[in-house]
Amino acid sequence: MGVVIPFEGGAERPQPTLDALVKLTAQDMGLINDLILEKAQSHVELIPEIAGHLINSGGKRIRPMLTVAAARMCGYRGLHHIKLAMSVEFMHTATLLHDDVVDESDTRRGKDAARVIWGNQASVLVGDYLLGQAFKMMVETGSLECLRILSDAACIIAEGEVLQLAVSQDTSTTEDSYLKVVGSKTAALFSAATRVGGVISNRPRAEQEALEAYGRNLGIAFQLVDDALDYSGTKAELGKSVGDDFRERKITLPVVLAFRRGAAEERNFWKRTLEEGNQTDADLVYAQKLMERHGTIADTLDRARHYGEMAKDALAIFADSEWKAALLEAVDFCIARSH
């Protein structure tokens, strides 16, 4: 049940990619990758083993690339952005390790989750180690403002995790409540990743805030597309099995909309499968049919497009450059994953 978002004007446009962003950031990302491997080491053998399992699992590393691109677009010429980008990636990796424990996920990026191989305790503790290394790198930049931004993001992400627990498996969750979770869990790190690029470059506050707005709205769009793909995508697109959110009884926006729009019988279905956890093999297909009936996948993607446009509008303050063009295309790539 794929969903295609038509472009206006009728003419088919080239499929957006991350190629420009990857090419422009390649040299810096090489340094970042080296630093990631260095700082994931420890005399405790289990730490690099678990960290390496996730670090080398094929993620796009879009967050550190955004930090690099934001700094370079702002004219930065130093090397502190390398440490900040590494910090952002370690924060993200730590979050994934913790998330898989909280969500009891069995797979991550198409592989067994670390918790399945090494257990919950080791996964949480290695996540904590990576967070510690991230903050050490932030301190080494000498920027208290960057430290403040990223530490604030760490707190917001943790708050988002707790908030998600509060709405987890609750079919009465509203769209506003769900978007608060997305704003905390996903968008907070995107917005911090882009803002510190402007901060380390000593750019005016208006530009820093524009970068923050870009990252925040891109992060929301990114998560909403993920929500839609979990019910309409493919395993190759997701790096996990289709329907994992359903099996893990997560309340995401397509579910929120389907529950609100459904008849009493349909709402009872969502309560049985997500609140009570009483699922059969046929339930995922029926859930997808309900979403198709009520247009919830298409509407989730419409909302993602809205936030994507807000992200692009935020960059209007910056002069045209190859860096700006790459950041704009990154938004289009995020949305195009739903095609």
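The values are calculated or read from the model by the stated rules, or taken from the named source; none is laboratory data. All figures in this text were calculated on a predicted structure; none of them were measured in a lab. Virtual Cβ from ideal backbone geometry, glycine too; neighbours counted across all protein chains shown. Areas reflect the complete protein model, heavy atoms only, side chains present, ligands, DNA and RNA absent. Shrake-Rupley method; radii C 1.70, N 1.55, O 1.52, S 1.80 Å.
Can you tell me, using C-alpha contacts under 8 Å and at least 6 residues apart, the relative contact order of the range 25-135 as a whole percent?
30 percent
Please arrange 242, 331, 44 by accessible surface area, largest first, computed with a 1.4 Å probe and ligands excluded.
If we order 242, 331, 44 from most to least accessible, we get 44, 242, 331.
If contacts are Cα pairs under 8 angstrom and at least 6 residues apart, what is the relative contact order of the chain in percent?
23 percent
Ignoring ligands and nucleic acids, what accessible area does residue 31 show with a 1.4 Å probe (Å², nearest 10)?
Only protein atoms counted, so the area is about 80 Å².
Among 97, 125, what's the order by accessible area (1.4 angstrom probe), most exposed first? The partial results should precede the final answer.
Working: 97 5, 125 115 Å².
Output order, biggest surface exposure first: 125, 97.
Give me the net charge for the shell around residue 301: Cβ to Cβ below 12 angstrom, other residues only, Lys and Arg +1, Asp and Glu -1.
Result for the neighbourhood of residue 301: -1.
So, taking all protein chains as they sit and a 1.4 Å probe, how much accessible area belongs to residue 209, in Å² rounded to tens?
Estimated to the nearest 10 Å², residue 209 gives 90 Å².
I'd like the Karplus ³J(HN,Hα) series for the range 271-288: coefficients 6.51, -1.76, 1.60, θ = phi - 60°, whole numbers in Hz, and an x wherever there's a Gly or Pro.
Once θ is set to phi - 60°, the couplings for the range 271-288 become 5, 5, 7, 9, 7, 8, x, 8, 10, 10, 5, 8, 5, 4, 4, 5, 4, 5 Hz.
Going from most exposed to least, what order do 332, 100 have by accessible area with a 1.4 Å probe?
Heavy-atom accessible area, descending, gives 332, 100.
When the helix-only estimate is applied to the chain (DSSP H runs of n ≥ 4, each -39,500 (n - 2.57), divided by the residue count), what is the mean residue ellipticity at 222 nm, nearest 500 deg cm²/dmol?
Details: 17 runs with 237 residues, N = 339.
Calculated at 222 nm, the ellipticity per residue is -22500 deg cm²/dmol.
Need one number for the range 1-154: average projected area of the convex hull over its C-alpha atoms, nm².
12.0 nm²
Using each residue's phi in the range 19-36, evaluate 6.51 cos²θ - 1.76 cosθ + 1.60 at θ = phi - 60° and report the 3J(HN,Hα) Karplus result to the nearest Hz, with x for Gly and Pro.
3J(HN,Hα) across the range 19-36, in whole Hz: 4, 5, 5, 5, 5, 5, 9, 4, 5, 5, 5, x, 5, 5, 4, 4, 5, 4.
Gain in length, residue 144 to residue 322, computed as 0.36 nm per residue apart minus the alpha-carbon separation, to one decimal in nm?
Value of the extension gain: 61.1 nm.
With no solvent and one point on each alpha carbon, what is the Debye value of log10 I(q)/I(0) for the range 267-317 at q = 0.15, 0.22, 0.26 Å⁻¹?
One equal scatterer on each Cα of the range 267-317 leads to -0.57, -0.81, -0.94.
Give the aspartates and glutamates whose C-alpha is closer than 15 Å to that of residue 23, dropping any in the same chain fewer than 8 places away, or say none.
Answer for residue 23, where 15 Å is the Cα cut-off: 322, 329, listed by chain and number.
With every protein chain left in place, what is the accessible area of residue 309 in Å² (1.4 Å probe, nearest 10)?
90 Å²
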